[in-house]
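Chemist: Here's a structure for you.
No value in this document is a laboratory result; all are computed from the given coordinates. This is a predicted model, so every value here is computed, not measured. Methodologically, a virtual Cβ is constructed for each residue, glycine included, from the backbone with ideal geometry; neighbour enumeration extends over all protein chains shown.
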Amino acid sequence: MKKLAAGNWKMNGTKASLAEVSALLAAHPAPVCEMLLCPPATLIDRMAETAKGTTLLVGAQDSHAKPQGAHTGDLSVAMLKDAGATHVIVGHSERRTDHGETDDLVRAKAQAVVDAGLIAIVCIGETEAERDAGQTLAVIGTQLDGSIPLGATATNVVVAYEPVWAIGTGRTPTLSEIAEVHSFLRGRLRGLVGEEAAGVRILYGGSVKPSNATDIFAVPHVDGALVGGASLKAADFGAIVAALSAA
């Protein structure tokens, strides 16, 4: 499996922001790694049109677990797929915190994504209080166990480790801390998906930027990144893509 540089635009971006996508593609038309951007739902179809015929993949930031129904304001996986999405982020810490999403709900969403033939990016991560209490591995192990869908394989599921306290703060764990978590997750995946675990990509997320990307990508079992703010600018995300391609 190719390594994956995924960008999460969160609640940022309008039609004018697609100029950054065009600039990214002009500078990195054929990266060695896979390159994915997950814009707001309002931009998925237009970004997919911009990316048509290129190596850029387009994803969504969330989905509903149900295929349709009376769920005002929500979007089903089928709708996202119809708009051009190939990947869906589920269980981001901001969803878990702001919307009270549980492991069971995250798993249901991931199951819907996989069942629709798309790729689920399952997010897990501990809070600062949990890390300070020495609970990191216990917390992320429980989240992983509860969030991975049935039938998970190396081709339909990606795991993203994002320590909550490092998202958007400029802080990152030490390289040894990242290595400990990613090695733990690889072992945990073996118990969940068997031999497929060797190919499941484990991304690191949380204040990834051009200045630290090369060092992070040298850590064993780091198969790419889930990038927040730095994915909004072609120059910044392109530098991260280049670092991953060279890793």
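Chemist: For a quick check: sort K15, K109, K209, K233 by the number of other beta carbons within 10 angstrom, fewest at the front.
Modeler: Listed from fewest to most nearby Cβ atoms, that is K15, K233, K209, K109.
Chemist: Radius of gyration and Dmax for the range 133-182's Cα atoms, expressed in Å?
Modeler: Here Rg and the maximum Cα pair distance are 12.7, 36 Å.
Chemist: While we're looking at this one, here's another question. If we count other beta carbons within 10 Å of each Cβ, what is the order of F184, F237, fewest first?
Modeler: Neighbour counts put them in this order, fewest first: F184, F237.
Chemist: While we're on this one: Given a Förster distance of 25 Å, report the FRET efficiency between A16 and A41 from their Cβ-Cβ distance, rounded to the nearest 0.05.
Modeler: 0.90
Chemist: Under a 5 Å amide H to amide H cut-off, with H placed in plane at 1.01 Å, what residues pair with I121 once short-range neighbours are removed?
Modeler: Residues meeting the amide H criterion: V88, I89, V90, V158.
Chemist: Ranked by Cβ crowding within 10 angstrom, fewest neighbours first, how are I167, I240 ordered?
Modeler: I167, I240
Chemist: Mind telling me which of D45, D132, D115 comes out most flexible in a GNM of the chain, alpha-carbon contacts under 10 Å?
Modeler: D132
Chemist: Still on this structure, I have one more. Which entries in K15/K52; K3/K66; K52/K81; K10/K209 show an alpha-carbon gap greater than 20 Å?
Modeler: Going by Cα-Cα distance, K3/K66 fall outside the 20 Å limit.
Chemist: Determine the sum of side-chain charges near G168: Lys and Arg each +1, Asp and Glu each -1, restricted to other residues whose C-beta is under 12 angstrom from that of G168.
Modeler: Once all neighbours under 12 Å are counted, the net charge is +1.
Chemist: Could you work out the helix-only [θ] at 222 nm for the chain, with each DSSP H run of four or more residues adding -39,500 (n - 2.57) and the total divided by the number of residues, to the nearest 500 deg cm²/dmol?
Modeler: For the chain, the value works out to -12000 deg cm²/dmol.
Chemist: Work out, step by step, the length gained on full extension between A23 and T153: first 0.36 nm times the residue separation, then minus their alpha carbon distance; give nm to one decimal.
Modeler: 43.5 nm
Chemist: List the residues whose amide H sits under 5 Å from the amide H of G7, counting only those 5 or more places along or on another chain, with H placed 1.01 Å from N in the peptide plane.
Modeler: L36, L37, C38, V227
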